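The values are calculated or read from the model by the stated rules, or taken from the named source; none is laboratory data. Note that the structure is predicted; figures quoted are calculated from it, not measured. Every residue, glycine among them, receives a Cβ derived from its backbone with ideal geometry; neighbour counts consider all protein chains shown. In case anyone asks, the SASA skips ligands and DNA or RNA and just uses the protein heavy atoms, side chains included. Shrake-Rupley method; radii C 1.70, N 1.55, O 1.52, S 1.80 Å.
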Amino acid sequence: MKLRLILVLALLASFFISCKNEKSVDDLEVVKPVEIETAFKVTLNVTVKKDDNLSLFYTTDGSIDFTKIPPIWKEVKGNDLPQKVEFLLPEGVLPTQLRLDFGINDQQEDIVLSNVIFSYIGKEKNIGCPDLVSYFRADENKCSFDHVTGLIKAKVIDGKRQYPSLYPHEKALGEELDKIVK
């Protein structure tokens, strides 16, 4: 009887000792690499109260001739709260100057631009009010821009709402964009 008990205990002990807590290959957690955005991105934090289309114009030659390259358009749903609008430049395109256009809806109300974020391969520059005026200026023929509050007011000429734009202060914006892409 003792011999049987000893054999059973030995058998159980060898069973527990030889069993490892191994996971099958299917149960192993897959570690995914962190994807880094390799395209230049411009993100606006903006309040646009009515549905509209915003656009980002850019150059790659240092000029402010924004007629050479078609703009990137983004449809925006109207909202009383701020929202993020992201513009992704084509892969491999590095901007030297930027122009921000704030809609083509003739019924659009005043727009508020809280900040602009430039990001590229892990580098980021967040420019908010009141510092936006160091990098962007209003197209005075079409709008006014209060850099303290971020309020963009379209001008009305001959009863027609003009389409507001912010143009770059070329030297300051060019240097900042250069820092991001280098």
Scan of the stretch 40-65 for residues that are in contact with an Asp or Glu (Cβ under 7 Å, 6 or more places away or on another chain), free of Cβ contacts under 8 Å to residues at least 60 places away in the same chain and surrounded by fewer than 17 Cβ atoms within 10 Å (Cβ to Cβ), ordered by number: Lys50, Asn53
Subset of the stretch 101-123 (residues that are under 22 Å from Glu175 (Cβ atoms) and not in a strand (DSSP E or B)): Ile121, Gly122
Which of (1) in a strand (DSSP E or B); (2) within 21 Å of Lys49 (Cβ to Cβ); (3) not acidic (Asp, Glu) does Asn126 not meet, given it meets every other one? (2)
Those residues of the stretch 136-162 that are open to solvent by 30 Å² or more (accessible area, probe 1.4 Å), under 25 Å from the mean Cα position of the chain (by Cα) and over 20 Å from Pro82 (Cα atoms) come to a total of 1
If Ile104 passes every condition in (1) open to solvent by 60 Å² or more (accessible area, probe 1.4 Å); (2) among the hydrophobic types (A, V, I, L, M, F, W, C); (3) modelled with pLDDT of 95 or more; (4) under 16 Å from the mean Cα position of the chain (by Cα) but one, which one does it miss? (4)
How many residues of the stretch 66-90 are free of Cβ contacts under 8 Å to residues at least 40 places away in the same chain, surrounded by 13 or more Cβ atoms within 10 Å (Cβ to Cβ) and part of a loop (DSSP other than H, G, I, E, B)? The answer is 6
Assess whether Lys155 counts as being modelled with pLDDT of 95 or more and in contact with an Asp or Glu (Cβ under 8 Å, 6 or more places away or on another chain). no
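Could you pull out the residue among Val93, Val112, Val133, Val181 that is closer than 14 Å to Leu44 by Cβ and either under 20 Å from the mean Cα position of the chain (by Cα) or surrounded by 16 or more Cβ atoms within 10 Å (Cβ to Cβ) (or both)? Break it down stepwise before answering.
Numbers: Val93 fails: closer than 14 Å to Leu44 by Cβ; Val133 fails: closer than 14 Å to Leu44 by Cβ; Val181 fails: closer than 14 Å to Leu44 by Cβ.
The conditions single out Val112.
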Hey, Ser165 hits all of (1) open to solvent by 20 Å² or more (accessible area, probe 1.4 Å); (2) under 24 Å from Val93 (Cβ atoms) but one; which does it fall short on? (1)
